[in-house]
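J.: Sharing a structure here in structure tokens format.
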Amino acid sequence: MFFLHHTNTEVQAGQAYVVAQEKKSTSALKPTLEKKRQAEMSQAMAEGKLNVFSMFDDYVFFGDSRVMGFETYGYLDANRVLGDSGGTIKRVDDHLNEIKSLKPTRVYLSYGMNDMGLKINDEQGGYAGVYETEVKKILAIVPNAKIYVCSIIPCSPEALQKSSSWGQVGTYNQQLKAMCKKNKWTYINCTKLADNGNADIYQSDGIHFLTSFYPIWAQTIIDATQKAES
């Protein structure tokens with residue numbers, strides 16, 4: 001028969017750890033528990049046991065018709081996808097009541113195609129100034145929410161021929177990136193997924209996305225979320 005021998009020092013250290021954990025408030029333990037949860041979920045995803053869309057937690061997703069695809073194809077909760085056909089960053093105002101009701105801790109935003117078409121960058125304050133003003137309307141309601149801004153995904157070269165305004169992706173994204181850095185928000189680089197508009201992700205119009213693209217886009221968003229919150 002074998003006996004495990006623990007020194008008094010080891011026992012005291014163990015007891016001290018337990019007491020310390022018991023004294024910690026739930027809010028103090030939350031970051032540690034969240035990291036553990038994220039690690040477990042990431043492992044489950046890698047093993048094919050978890051769907052990427054199940055990792056969207058306590059969120060809302062603002063955007064245009066591209067974002068509406070998350071709802072249309074049944075990937076995300078329709079009540080949390082605050083997208084609008086023809087939507088621009090200025091449509092945030094239309095959904096402030098939903099924000100008051102849902103009180104999300106994570107806010108994702110993805111606009112751009114219609115914003116470029118309306119030449120919002122030419123307005124006072126430029127695109128970043130307009131965008132920042134709208135995001136702060138959200139934060140006035142949920143001040144502790146984490147903000148995640150997706151870069152504008154370019155359209156296909158064929159679609160670009162129909163409107164030169166859609167070729168301003170680089171300029172608009174540079175402003176979004178600087179805006180996020182200034183406000184300590186998270187900028188998510190989704191532009192790379194398009195391969196300069198040549199990736200097989202578009203519907204026939206060269207603007208909207210195929211159903212198969214949404215899990216890829218979602219994974220990029222979740223990866224950025226985990227990195228920002230780790």
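J.: Between 151, 156, 165, which is at pLDDT below 95 and either under 16 Å from the mean Cα position of the chain (by Cα) or open to solvent by less than 30 Å² (accessible area, probe 1.4 Å) (or both)?
T.: Among 151, 156, 165, only 165 is at pLDDT below 95 and either under 16 Å from the mean Cα position of the chain (by Cα) or open to solvent by less than 30 Å² (accessible area, probe 1.4 Å) (or both).
J.: Sticking with this structure for a sec: Take residue 224 and tell me if it is at pLDDT 95 or above and not in a helix (DSSP H, G or I). Don't jump to the end; show me each part of the working.
T.: Details: at pLDDT 95 or above: yes; not in a helix (DSSP H, G or I): no.
Judged against the criteria, residue 224 is not a match.
J.: State which residue pairs qualify: first residue more than 20 Å from residue 147 (Cβ to Cβ) and inside segment 51-65, second residue open to solvent by 10 Å² or more (accessible area, probe 1.4 Å) and in a strand (DSSP E or B) in any location, beta carbons under 7 Å apart, and separation of 6 or more residues or different chains.
T.: Once the first residue is more than 20 Å from residue 147 (Cβ to Cβ) and sits in segment 51-65, its partners that are open to solvent by 10 Å² or more (accessible area, probe 1.4 Å) and in a strand (DSSP E or B) give 65/83.
J.: Against the condition at positive phi and either among the polar types (S, T, N, Q) or open to solvent by 70 Å² or more (accessible area, probe 1.4 Å) (or both), how does residue 195 come out, does it pass?
T.: Working: at positive phi: yes; either among the polar types (S, T, N, Q) or open to solvent by 70 Å² or more (accessible area, probe 1.4 Å) (or both): yes.
Yes: the conditions hold for residue 195.
J.: Taking the condition outside any helix (DSSP H, G or I), under 21 Å from residue 92 (Cβ atoms), touching a residue at least 40 places away in the same chain (Cβ under 8 Å) and open to solvent by less than 10 Å² (accessible area, probe 1.4 Å), does residue 138 pass? Lay out the reasoning, then the answer.
T.: Working: outside any helix (DSSP H, G or I): no; under 21 Å from residue 92 (Cβ atoms): yes; touching a residue at least 40 places away in the same chain (Cβ under 8 Å): yes; open to solvent by less than 10 Å² (accessible area, probe 1.4 Å): yes.
No; evaluated as a whole, the condition is false for this residue.
J.: Follow-up. Checking the structure you have, find out if any residue of segment 104-121 is open to solvent by 50 Å² or more (accessible area, probe 1.4 Å) and under 16 Å from the mean Cα position of the chain (by Cα).
T.: Looking for residues that are open to solvent by 50 Å² or more (accessible area, probe 1.4 Å) and under 16 Å from the mean Cα position of the chain (by Cα), one finds at least one in segment 104-121, hence yes.
The values are calculated or read from the model by the stated rules, or taken from the named source; none is laboratory data. If you're wondering where the values come from, they're calculated on a predicted model, not measured in any experiment. Note that each Cβ is placed from the backbone with ideal geometry, even for glycine, and that neighbours are counted across all protein chains shown. For the accessible areas, the whole protein counts, side chains as well, though only heavy atoms, and no ligand, DNA or RNA atoms are used. Shrake-Rupley method; radii C 1.70, N 1.55, O 1.52, S 1.80 Å.
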